[in-house]
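Please read the structure below before turning to the comments.
The values are calculated or read from the model by the stated rules, or taken from the named source; none is laboratory data. If you're wondering where the values come from, they're calculated on a predicted model, not measured in any experiment. Here Cβ is always computed from backbone atoms with ideal geometry, including for glycine, and neighbour counts include all displayed protein chains. Please note that ligands, DNA and RNA were not included when accessible areas were found on the heavy atoms of the full protein model with its side chains. Shrake-Rupley method; radii C 1.70, N 1.55, O 1.52, S 1.80 Å.
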Amino acid sequence: MKIKHDMHTHTTYSHGKNTIAEMVEQARQIGLTAITISDHGRSHPVFGVKKENFAKMRAEIDVLNKKYDDIDIYLSVESNIIGANGNIDIGEEEKKYCDWISAGYHYGYIPASIKDIFVFSLPNYAARVLPFLKKYVVRMNTRTYIKMMKRYNIKLITHPGDKIPIDVDAVAKVAAENDVILEINPRHDHLNAEEIKIAMKYPVNFAINSDAHTRQALGDMRDTPQIIKDAGIPISRIVNIEE
């Protein structure tokens, strides 16, 4: 079992250690048939891709696609969820240059509004040390993910439920309805096997991605084959691996 299309990778345009060209060359060496470059969205003040760099990334990828006929190279962005109404940091630059969009929650982003600092960001941080807030933030976060999928044309949710808790059942149901792929990420604890079993009640598809920040990590599944076995996922429901 191996990844054939690594749909979640990072480069020096955010906080990866290698250039796009280096990541593509490594992908070719390990036999990937496709790679997606998905650096962080603009709202992250440290790791986010600067708006003007999307044109540069697009140009680099177009050149590499002409150069190689043994791999398909796509440009995406791992946009940040930044507000309770499902806001993500997507602007015209991303829409104009990207082949598709993914989204996930990360720490350190700039919230969509001052209101979101108090109604979204702070409750999630507080719930980590105040257990009585857990049920409240799960409901809030679940609504946020659902609104996001209904507002935006999202292809993939990265590490759903990691960093902020969600109701996987409700999110998976809406993901299935909107053809949104749920990621199984070896760098994170979610989705885990039990959560995957819950999500599988609905006709949602999954992807296993390396979330590579270095060329050496490309295609690395770590312990996900065991997670797949424990969850009992049919291989047909994982869109980017082959046996």
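Counting the residues of segment 42-65 that are of a type in the set (Lys, Arg), part of a helix (DSSP H, G or I) and open to solvent by 40 Å² or more (accessible area, probe 1.4 Å) gives 1. For the condition free of Cβ contacts under 8 Å to residues at least 40 places away in the same chain and under 17 Å from the mean Cα position of the chain (by Cα), residue 185 does not qualify. Within segment 193-243, the set of residues being outside any helix (DSSP H, G or I) and charged (D, E, K, R) comprises 201, 211, 220, 222, 223, 242, 243.
Mind checking whether some residue in segment 97-108 is modelled with pLDDT under 95, open to solvent by 10 Å² or more (accessible area, probe 1.4 Å) and in contact with a Pro (Cβ under 9 Å, 6 or more places away or on another chain)? Yes: one or more hits. Residues that are within 30 Å of residue 229 (Cβ to Cβ) and touching a Lys or Arg at 6+ places or on another chain (Cβ under 9 Å) number at least 3 in the following helices (runs of 4 or more DSSP H) confined to segment 112-192: 168-177.
If you go through segment 85-93 one residue at a time, do you hit one that is charged (D, E, K, R), modelled with pLDDT under 95 and surrounded by fewer than 23 Cβ atoms within 10 Å (Cβ to Cβ)? Checked segment 85-93: at least one residue is charged (D, E, K, R), modelled with pLDDT under 95 and surrounded by fewer than 23 Cβ atoms within 10 Å (Cβ to Cβ). On the basis of being surrounded by fewer than 22 Cβ atoms within 10 Å (Cβ to Cβ), modelled with pLDDT of 95 or more, in a helix (DSSP H, G or I) and among the hydrophobic types (A, V, I, L, M, F, W, C), does residue 23 make the cut? Considered against the rule, which asks whether it is surrounded by fewer than 22 Cβ atoms within 10 Å (Cβ to Cβ), modelled with pLDDT of 95 or more, in a helix (DSSP H, G or I) and among the hydrophobic types (A, V, I, L, M, F, W, C), residue 23 comes out as no. Within segment 1-20, being open to solvent by 50 Å² or more (accessible area, probe 1.4 Å) and in a strand (DSSP E or B) holds for one residue alone: 2. A count restricted to segment 68-84 and to residues that are in a loop (DSSP other than H, G, I, E, B) and either open to solvent by 20 Å² or more (accessible area, probe 1.4 Å) or touching a helix residue (DSSP H, G or I) at 6+ places or on another chain (Cβ under 6 Å) (or both) stands at 6. Checking each residue of segment 192-207 against the condition of being crowded, with 19+ Cβ neighbours inside 10 Å, out of contact with any helix residue (DSSP H, G or I) (no Cβ under 8 Å at 6 or more places or on another chain) and under 21 Å from residue 23 (Cα atoms) gives at least one match.
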